[in-house]
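Nothing in this text is a laboratory measurement; each read-out follows from the coordinates by a stated rule. Just so it is clear, the model here is predicted, and its values are computed rather than measured. Reconstructed Cβ throughout: ideal geometry from the backbone, glycine too, with neighbour counts over all protein chains shown.
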Amino acid sequence: METGRCLAVLLLTWSVVTAGASPVDDPGCTLHPVKNDKQVKMRYTTSRVTSGCVGRGPRDTNMEVHILNLKYNISQMPLTRFSVNVSAAKGGRKVVFVVNSNKHTVLNVTTGDHRLAFVTDKHKLTVIGFNKEINKTDLSSSNAEILNWTKTNYGGVSTFVELEDPRKINFQVNREPSTSEKCVPKSYFDAEPYLEAEFDSDNTKSCLDPTVHPGREAHIMWLQQSPPDSGTQAVDLNIKVTCSNGKPAKELTTLLVLKSHERMFWNIDQMPEYVKFMVSGKYSIKKITKEPINGTVLPDSKEGLIKEARDKDFAFIASYTEIPAAKSITLELVRDCGGKKTEVTTAPHSKISEPSKVVQGLMELCRPWKCTENAIEVALPKSLLERSQVDITEMTLEDPACRATDNMTHFVLKSIIEDCSTNLEGGIHAKNQLVLTLASHPDKIMVPFQCDLPEKLFLHLYQTPDFSSPSTTVVEVNKVTYVQVSFQTADGNSPLRLQDCYLQIPDQAAPQMLIRSGMPKSYSVEILNSPNTKTNRFSFIYKAEEQQRSTLSATLFCQVDRENQHGSYNASIKVMLKNPASLSRGLGIGTVLGITFGAFLIGVMLTATLWYIYSHTRPTAKMQPVSANPPASESSSTNHSIGSTQSTPCSTSSMA
């Protein structure tokens, strides 16, 4: 513990610039705008928009209507990535986006499985993507006119935003409607509950002469958003140092001057060892500090911040940027690479021609491919090709047998993941390439691409603790069942956390809880070690009721969430509860007792019936007793008869 604390203090002492450095001779610093091809790139995300408002919504309460009015100042055709989070959308609720732009724009839409409706200007906007319904009409670029048009056609507006030069837009639908009936735009509007946009800074300036570099450079960021009414605000800062040809020849000592209001908290995500910094407010450095560190007081002017950097021996200002508001900031420094640059020479017939550059640029802009649960889908809009004067006659995947069809508006292609030479890496990254044939180009154009399978939660049951046997859906009574909960995602930075699992058995009002809030609910449930952050494992023993029949259908439910992310994921699997003991022991004790008692009652009733029959069917008069000796008269007569017929010596003698 003490070693780690000392190391953190040592790193902070080395990284934070103190006031003891000697200034250098000032060669003068005149700031000039940084061009896109220079060595500094600045991006930031924010929910502050040029103007915006919220309203009660349309007359139909099962509908949301959102307006996006996009304004671009760049010369080339802009591409804006538009992601809509519809995971919380109610079933049957229709979501409509009315989108307009001041110049022709490509809007690349990602909606997941939820189908959205778009109303766009038919002259200035091309919407690409999947699961969308598009209606084109004439729309005005005026905020007031587009608001009035939407209210007339839908009876109300849910939200309105005006954005200038956005790169990406993330939108959350299914929010509670406002109590305000009218949507009246306000400048510098905070759309945080439902919108976050990413911008390239067009306000970055520099006084660094790339031909004369002293080996030390400073980057100044002034985050100018107002402090909150109470509490603190946080901003994430990420620094990337990139090089196209290996490790930089020289790691330049770099100073970061981070200016903000005093209640700002800077979360510094990555910091190379050669970066020093000065921060106002409070800050922390990932993997180094655990407690917030107090910063220093910095000047409230551009000139003062530049002088502060010069006083610390950083005379050359590589970038100076004023950012109106931000939730996160990314500073990318593109360095010259070490080693001799290798010139790539090609034969004249293999050089990348202008049509090939145009096609590859279009593919990079619109990215017409996406992955579903078990397939790759490609939909390339022909209108985009026509505007770029590209005539594609055929489109296939790497396997030429997987050919796209022309449905008059798009080139459409669909292939299951296992076909068409698709390579699935890590069980989620699907890689293939589009092979395009142009009418005016002799060679085929290859466009490699990758898409990720959608996020999904899986449940698998096993009968062995090594989880290597084939998965099953049978849960045997009084035997251990092993459960694996796995999450399919390309994001490995947010560990999976098991929250609740239970068995829902028919004819039982309450489910049989196995895990509640990540903790076992029974001694027969055990949380097991997991192989990675995307998997959770546990085991349980199912105890059957005495009267349970040999097999019974049930459902296993599990719910998980992810660390540092909102929302949860659910999965279920049908299982068979098998009770082999019920087959071997025959009838249960309850049944046996019932049969025994029934037999006893039947015996008693039979006995009573026989007695009743006997007692009611015998003679009513008494039988006379039989004497052992006959009457005397009968005896003498008999004897006389016998004596008169019997011949004896005496009688013969007497008669004689």
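Miscellaneous remarks
- Footprinting exposure proxy for H104, H616 (fewest neighbouring C-beta atoms within 10 Å first): H616, H104
- Violating pairs (Cα-Cα greater than 31 angstrom) within the set K151/K259; K94/K444; K41/K94; K240/K534; K205/K327; K240/K302: K151/K259; K94/K444; K41/K94
- N294 versus A375: modelled label distance in nm, points set 7 Å from Cα along the beta carbon direction: 6.3 nm
- Under the simplified labelling scheme, the N267-S517 pair shows an inter-label distance of 2.4 nm, with each label point 7 Å from Cα along Cα→Cβ.
- Two-site FRET efficiency, K357 against D452, from Cβ-Cβ distance with R₀ of 25 Å, rounded to 0.05: 0.40
- From least to most packed, judged by other beta carbons within 10 angstrom and beginning with the fewest, C558, C207 follow the order C207, C558.
- The packing ranking of peptides 313-324, 291-302, highest mean first, is 313-324, 291-302, where packing means the average number of other beta carbon atoms within 10 angstrom of each residue.
- Global dimensions of the range 456-584 from alpha-carbon coordinates: Rg and Dmax equal 14.9, 52 Å.
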